[in-house]
1. Kindly state, to the nearest 0.05, the FRET efficiency for residue 113 paired with residue 155, given R0 = 25 Å and r defined as their beta-carbon distance.
2. Just to check I understand the Karplus step: with θ = phi - 60° and J = 6.51 cos²θ - 1.76 cosθ + 1.60, what whole-Hz values come out for the range 148-157, glycine and proline as x?
3. Expected output is a single nm value to one decimal: the length gained when fully extending between residue 43 and residue 89, i.e. 0.36 nm times separation in residues minus the C-alpha distance. What is it?
4. Show the residues, 5+ positions off or on another chain, whose built amide H is closer than 5 Å to the amide H of residue 106.
5. How big is the gap, in Å, between the Cα center of the range 143-162 and the Cα center of the range 47-126?
6. For a protection proxy built on the mean count of beta-carbon atoms within 10 angstrom, sort 10-22, 140-152 highest first, please.
7. What FRET efficiency would be calculated for the residue pair residue 26, residue 76, taking the C-beta separation as r and a Förster radius of 45 Å, to the nearest 0.05?
8. Which of the peptides 161-174, 105-118 is most tightly packed, and how do the rest follow, going by the mean number of other Cβ atoms within 10 Å of each residue?
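All of the numbers you see were taken from the coordinates with simple rules; none came from a lab. These numbers were taken from a predicted model, which means no experiment stands behind them. Here the Cβ is made from the backbone with ideal geometry for all residues, glycine too, and neighbour counts use every protein chain on show.
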Amino acid sequence: MLLLGPPLLLFALITWQVVVDGPLVDLDERLSEGLVRPDGASELLADIGNVQVAVPVLALALAVAAWHGRRRGRDRWWLPPLAGAVAMALVPALVAPLKEWTDRPGTPAVPPAVGYYPSGHTATAVVAYGAATLLLLPLLRSPAVRRGLLALCGVLVLGASYGLVRRGYHWPLDVVASWCLGAALLTGLWLLVGRTGVPAPADGSRVRRR
């Protein structure tokens, strides 16, 4: 619970500021004015957070984790992949009502509309790439490969976040709030994977948890 506290508290603070149109919103809008420069590169980066791009990556990681766990003969081998899928399913389940409740308008770079808070694309990127990383990390023996996977995850999430803000699809606070929401979901997944995920033995022998 201590790990879940900070991201949830920050998310609550940002949401409160958005709902009451507080000083953080004024700062957010001024920051957006200096960052928004729509171009082809920002459009491509924003697409990293599309469901059509991010979810297939997670689906592949779910399949690999399930196959590996079953092949190793682990008890409850299905639990980490299932938890990853549930974490992904919770993104629209949480984001959609929050968008409707906060009713935040978009930036001047997009057509007039509401429902931009929090950023669904950012939350999708954080949870899809983050969950894929958490599921695959226990399967990797090389520290260098593990660091590379973590770095790749960070690049994808930050790239999508930057693209969404740069293109003007979202205010910066929309993105930061989704980081917090995604971090809370991934923390729950990490706590579960840490208990059930066992690194592959170097000799390739089967492992069964008792």
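1. 0.25
2. x, 5, 4, 5, 4, 4, x, 5, 5, 5
3. Numbers: separation 46, 0.36 × 46 = 16.56 nm, distance 2.50 nm.
Stretched out fully, the residue 43 to residue 89 stretch lengthens by 14.1 nm.
4. 113
5. 17
6. Ranking the peptides 10-22, 140-152 by packing returns 10-22, 140-152.
7. Values: r = 49 Å, r/R0 = 1.09.
Plugging the Cβ-Cβ distance into 1/(1 + (r/R0)^6) gives 0.35.
8. Details: 161-174: 24.4, 105-118: 15.6.
Put in order of decreasing packing, that is 161-174, 105-118.
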